[in-house]
1. Could you give the longest part of the chain that holds none of the trypsin sites (Lys or Arg not before Pro) found in DSSP loops with at most 11 neighbouring Cβ atoms within 10 Å?
2. Taking volume of the Cα convex hull per residue in Å³ straight from the coordinates, which label in (i) 194; (ii) 156; (iii) 138 is the correct one?
3. Treat every Asp and Glu Cβ in the chain as -1 and every Lys and Arg Cβ as +1, leave all other atoms uncharged, and give the resulting dipole magnitude about the Cα centre to the nearest 20 debye.
4. If packing is taken as the average count of other Cβ atoms within 10 Å, what order do 142-153, 58-69, 28-39 fall into, highest mean first?
5. May I ask you to give the solvent-accessible area per residue for region 95-219, in square angstrom, as obtained with a 1.4 angstrom probe?
6. Search the structure for amide H atoms under 5 Å from the amide H of GLY30, placed 1.01 Å from N in the peptide plane, and list their residues when 5 or more places away or on another chain.
7. Using modelled amide H (1.01 Å from N, peptide plane; none on Pro or chain starts), what sits under 5 Å from the amide H of THR138, excluding residues fewer than 5 places away?
8. Could you tally the net charge around VAL70, taking each other residue with its Cβ under 13 Å from the Cβ of VAL70, Lys/Arg +1 and Asp/Glu -1?
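The values are calculated or read from the model by the stated rules, or taken from the named source; none is laboratory data. Keep in mind the model is a prediction, meaning the values are calculated, not measured. No Cβ is skipped: glycine too gets one built from the backbone with ideal geometry, and neighbour counts run over all protein chains shown. Heavy atoms of the whole protein, side chains included, go into the accessibility calculation; ligands, DNA and RNA do not. Shrake-Rupley method; radii C 1.70, N 1.55, O 1.52, S 1.80 Å.
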Amino acid sequence: MLEVTAEGDPQKQPENATGATANFVVENVGTTTIININLTCSVTGPLACGSVSPSYQSSLTPGQSLDVEVTYATGSAGSGSVKLTATGKTGSPAYDQIGVTVLASPVIALAAPIGASSTRKVVRTRQPRVTALLTAGTSDSLAGIDSTSIQLTWRGVDVTAQARVNRGLIEWEPDSAQGLGTVGSATADSAALVLSACSFIGGCTTIQPYVVLPNDSKP
């Protein structure tokens with residue numbers, strides 16, 4: 001008779017991740033050798049099976065065990081489980097599962113510059129202030145924002161060190177040399193803004209709006 005046991009505690013994983021692993025032990029707890037054992041993965045919730053290693057075992061003698069690793073991917077936030085089923089040539093299939101909670105990625109709310117479009121923010125100053133609020137996707141402590149992961153780039157230049165940054169807020173204002181309309185800039189009337197933040201377990205969020213002067217030919 002086969003017995004499958006999941007190892008470890010229920011897992012917490014970030015959204016849209018690949019290569020997560022769950023470990024199981026398959027053991028022959030009966031008194032006869034079991035042959036032609038197939039090992040398969042199935043999931044519930046926002047998860048997808050990857051590989052099962054090994055996926056086949058020619059035999060297990062009484063008392064013999066086998067370590068099995070299952071890889072899986074996560075989708076959006078939610079709860080699910082990863083199940084390993086062992087099926088031999090004789091006897092009933094055996095299985096066990098491990099619970100997985102997929103934690104939501106951080107939320108970045110751009111407070112300035114404002115604008116209805118998420119990709120294009122029209123401003124009327126050459127030195128627009130950039131302000132964003134950063135909040136965790138859920139109340140779980142592992143979903144909290146890792147302040148060391150926060151990064152702000154302006155026209156492809158990392159300006160994080162110039163900004164006021166903490167776990168819930170980032171604020172920055174370009175100086176005269178960095179502002180819109182800078183003489184000699186290939187994109188004098190616009191700037192690509194990229195802001196990203198990650199949770200402690202690695203789930204990340206990035207926003208990438210363009211900050212532009214109005215197209216009205218006014219000085």
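1. Result, exposed sites excluded: 125-219.
2. (iii)
3. 940 debye
4. Order by mean packing, descending: 142-153, 28-39, 58-69.
5. Averaged over the residues of region 95-219, the accessible area is 53 Å².
6. GLY63
7. Correct list: ALA104.
8. Residues near VAL70 contribute -3 overall.
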